[in-house]
Amino acid sequence: MRLLKLFLTVIFVWVFIFAPAQASADNATTVILIRHGETDYNKVKRYQGHLDIPLNENGLKQAKLLAKSLKDYPIDVFIASPLSRAYVTTETVAKAKGMTVAYTDDRLKEIDYGDWAGEFVDDLKVKYPEEFKLWQERPWLMNFPNGENLRDMQYRGRSALEDAVAKYPGKTILIGAHSFINATILCSVLGLDTEHFKQIRQNNTCINVLRYEDGVWQVVLLNSVAHLGTLTSEAGVMK
């Protein structure tokens, strides 16, 4: 009888304490959201947007350092923006783990600057003084000529994120994308409007970690560049 009581007690503890905790852990989905490495456009403050600008030598080095930092971390699937700077960064991490990029998603591309793509910051100040001032002071009101706005970008980025989580529930997903698309996605999961997106800094090859469980998003890590040997970086904020 005593053994039976002990057995039932063990079953009770497992069913009502340990089993729910295990199920909860299994239900959680982790998203590692990263930004691409440096490009020459980043160095000279030139707008990239949808332009397919490759990583420069330093960007490739950054990607390798990122890959080294994540080599022993369990990751189930890799997803990337199709733009080469993001794709190659993501692929570098995947290859270090003997894996490949599962698919690319156009919705993860950087903001579409339209007519501003390829322009230098200093030139834009002269060509579009009023629009440039608006972009600096109230960017959430900016509609780029023949391009898009922050709200449109945030919508497509969030939908890409939600689709990835729905497709790989309970898994760890690495998503490789860009500065502003990442910032607006992070604003979205935090319940912030695009007015706050410039408060979310995204340096080259930064790591953000998100956790999703029972309909709730948590930001676990934000803009970490510790793998580059520093806690913060002033360089490479341009997209």
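So here's what we get for this one:
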item	result
Among residues of the range 84-106, those that are charged (D, E, K, R) and surrounded by fewer than 19 Cβ atoms within 10 Å (Cβ to Cβ), counted	3
Some residue of the range 153-162 being charged (D, E, K, R), surrounded by 16 or more Cβ atoms within 10 Å (Cβ to Cβ) and closer than 21 Å to residue 31 by Cα	yes
Residue check, residue 172 hydroxyl-bearing (Ser, Thr, Tyr) and in contact with a His (Cβ under 9 Å, 6 or more places away or on another chain)	no
Helices (runs of 4 or more DSSP H) contained entirely in the range 44-147, each with at least 1 residues that are over 22 Å from residue 30 (Cα atoms) and among the polar types (S, T, N, Q)	57-70, 84-96, 129-137
Subset of the range 68-126 [out of contact with any helix residue (DSSP H, G or I) (no Cβ under 6 Å at 6 or more places or on another chain), more than 30 Å from residue 141 (Cα to Cα) and among the small types (Gly, Ala, Ser)]	94, 98, 102
Selection from the range 209-227 of residues that are among the hydroxyl-bearing types (Ser, Thr, Tyr) and closer than 23 Å to residue 64 by Cβ	224
Test: residue in the range 155-165 that is free of Cβ contacts under 8 Å to residues at least 40 places away in the same chain and either over 18 Å from residue 81 (Cα atoms) or small (Gly, Ala, Ser) (or both)	no
Residue list for the range 174-190, restricted to those being hydrophobic (A, V, I, L, M, F, W, C) and either closer than 14 Å to residue 108 by Cα or at pLDDT below 95 (or both)	174, 175, 177, 180, 181, 183, 185, 186
Residue within the range 172-181 that is over 22 Å from residue 60 (Cα atoms) and either acidic (Asp, Glu) or part of a loop (DSSP other than H, G, I, E, B) (or both) present	no
Scan of the range 73-83 for residues that are farther than 22 Å from residue 166 by Cβ and crowded, with 17+ Cβ neighbours inside 10 Å, ordered by number	83
Residue in the range 192-214 that is surrounded by fewer than 14 Cβ atoms within 10 Å (Cβ to Cβ), over 30 Å from residue 44 (Cβ atoms) and either touching a strand residue (DSSP E or B) at 6+ places or on another chain (Cβ under 7 Å) or modelled with pLDDT of 95 or more (or both) present	no
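The values are calculated or read from the model by the stated rules, or taken from the named source; none is laboratory data. Owing to the predicted nature of the structure, the values given are computational and were not obtained by experimental measurement. Don't worry about glycine lacking a Cβ; one is built from the backbone with ideal geometry, like all the others, and counts go over all protein chains shown.
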